[in-house]
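Notes to accompany the following structure.
Rule-based calculations on the coordinates, nothing more; no lab input. For clarity, every value in this text was computed on a predicted model and none was experimentally measured. Positions of Cβ are generated from backbone atoms using ideal geometry, with glycine treated the same way; all protein chains shown enter the neighbour counts.
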Amino acid sequence: MKRGFNLVLGLVLTIILLSFVNSAVSSVTYTTTACSSSTKTIMKMSSNTNAHGAIFSEGDYTSFLCANSADNDRACSTTEGTCKGIEGCNDATNKGDCDIYLGEVCSWIPANKIIGLSSSTNAHAEGPSQYNYNVDVCYGNLRCVYVNLDEDNTCSQHTSGAYPIDVLSLSTFTNAHIGAFADYPIKVCCKEGGIIEPFCGDLICNGDDTYTNCPGDCAEPRAYWGQYDFSTTPLTSTSARIGSTMVYLIYENEALDDGTTISFEILENDPVTDDAIKTVEGIINSDGKAIISWVISQEDLEKCFGLLDQEGSANNEFQFYFKANNERSGDLITTFVWDIGSCVEIDRCANYENQQECVSDLCGVSDVSVEENLNENCDGIESFCYCEWNETQNECGPYVGYKDGDTWIGSCHYDEDSSDDCDDGLLSYNWKGVWAWAVDNIGKTEEPNEIGNYVEYPTESGIWYYDPDEKYLTCLDGSNTVVCPAQIQLPFFTTYSLVIAIVLIVLIYFLILKNSKKKGKVIKRGKKVKGKVKKKK
């Protein structure tokens with residue numbers, strides 16, 4: 001009886017084991033021959049290399065990605081995966097919660113995703129951890145990563161056996177062409193089941209990765225000054241007014257967790273001892289950046305005049321820098337502007353005559369310039385107004401950028417033009433609104449399901465951008481009439497005025513001198529005797 005029970009138990013275990021083996025994907029083949037079973041077709045490609053991709057049911061393609069040892073479901077998991085996007089997205093634990101979080105800003109990455117496609121057919125591709133595209137290629141219980149393998153080795157060798165299945169290669173991280181595993185340096189490697197553990201070489205700065213121990217995954221930390229809070233190019237010089245000019249201190253380190261506190265120490269560079277100006281704190285955001293603003297105050301400036309300092313007065317140049325998490329920024333060469341009267345002639349961005357004055361906006365006219373054209377409230381929360389220098393036209397103009405939470409949407413630049421000479425005390429001008437999508441607002445080539453949050457612009461371009469409030473519609477051409485700047489309103493004060501003033505001064509001086517000579521002659525006619533004047537006979 002016992003022997004019979006053991007035989008039955010052994011048979012059951014064997015069946016379970018065989019079932020498990022049959023469901024495992026031991027290898028994947030990129031082939032020009034149709035897969036042995038339609039359920040083993042993971043996806044299709046337009047050729048055996050330099051190819052566009054399609055999901056398994058689309059495209060009249062002749063190359064196939066086949067699973068060799070399994071007939072598995074190609075549905076993407078809705079319960080296992082990660083939610084990516086703006087700060088807070090990772091709180092969602094399933095696709096349903098991820099899709100409705102803050103108006104569909106987040107993107108769900110299924111745990112069994114192999115690659116992403118820009119559309120269901122004739123598509124470019126991206127790696128499994130990217131989320132720029134809406135179409136995911138998934139299969140069974142696969143767990144995939146992508147790695148950069150310039151050298152000729154396998155996934156198993158590169159990942160120490162963690163991801164042993166060689167799948168395919170991509171020409172770049174996103175917007176890529178597809179090839180067989182040996183064709184391109186970006187390789188997609190998979191394993192069967194489990195969770196995706198971070199490791200050095202997965203092209204994601206996560207886990208214990210830092211720039212020091214894994215420079216291939218993590219970018220080098222950067223500390224730099226910015227003209228704006230979204231600047232990526234360091235600001236090296238500026239003109240400033242005490243109490244009004246704002247600059248930004250930006251620290252980037254993608255290896256740090258969202259919410260990490262960063263201390264910013266601002267100093268002024270001197271040959272002997274640098275002056276400590278102030279210390280402030282910032283918080284690392286979901287983009288791996290800590291950003292704070294600084295308006296230089298009179299108190300800050302006074303701290304620059306220490307013993308043996310090179311600055312003799314506030315009219316000298318100052319070299320500010322800051323330290324954040326042991327990273328030193330470059331110097332910000334700062335010249336202070338003290339002539340408040342010079343702003344009498346500046347009431348719009350267009351009145352600035354050089355790039356430094358334009359981008360510094362010393363007279364604080366950017367808000368007024370934008371509001372005149374757009375009737376837009378520059379609140380510094382969802383809309384940000386600046387003066388921007390147009391290097392092509394060599395002139396300054398107003399600019400407004402829009403955000404939705406932490407997500408930059410786009411910006412409108414106003415190219416202004418006027419031939420009005422202000423003879424009547426009024427200035428008439430017109431402008432052309434030029435819209436540009438933000439660099440991080442990556443267009444989608446297939447209409448998203450998030451109705452109302454994405455727009456196709458330019459119209460019929462086939463590219464959809466995130467813009468829930470349709471801010472792009474506010475960037476219009478127009479015209480306006482405003483009171484002329486003070487300098488133009490006073491045409492009397494010209495070169496001719498100066499000549500006339502000099503002539504009048506000389507004439508007045510001549511009359512005064514002539515009158516003085518007449519008085520001197522009267523006195524010389526008599527001679528003083530004991531206090532009296534004796535007249536001549």
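Can you give the extra length, in nm with one decimal, that the chain gains between residue 440 and residue 197 once fully stretched, where that is 0.36 nm per residue apart less the Cα-Cα distance?
84.8 nm
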Using θ = phi - 60° and the Karplus relation 6.51 cos²θ - 1.76 cosθ + 1.60, list the HN-Hα couplings for the range 242-254 in order, rounded to whole Hz, with x at every Gly or Pro.
4, x, 9, 6, 10, 10, 10, 9, 10, 10, 10, 7, 5
How far is the Cα center of the range 26-71 from the Cα center of the range 170-208, in Å?
19
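What are the GluC sites (Glu not before Pro) within the range 183-257 that DSSP puts in a loop, where the Cβ has at most 10 other Cβ atoms within 10 Å? Each step should come with its number before you reach the end.
Values: sites: 192, 252, 254; in loops: 254.
Sparse-neighbourhood loop GluC sites (Glu not before Pro): none present.
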In terms of the Cα gyration tensor, with a ≥ b ≥ c the square roots of its eigenvalues, is the range 340-484 rounded because a/c is under 1.5, prolate because a/b exceeds b/c, or oblate?
prolate
Given 278/303; 84/289; 289/471; 289/444, which pairs have Cα atoms separated by over 19 Å?
289/471; 289/444
Can you work out the FRET efficiency for the pair residue 422 and residue 244, with r the C-beta to C-beta distance and R0 = 22 Å, to the nearest 0.05?
0.25
Aspartates and glutamates near residue 187 by alpha-carbon distance under 14 Å, same-chain residues fewer than 8 away left out - which ones?
126, 150, 151, 152, 166, 202
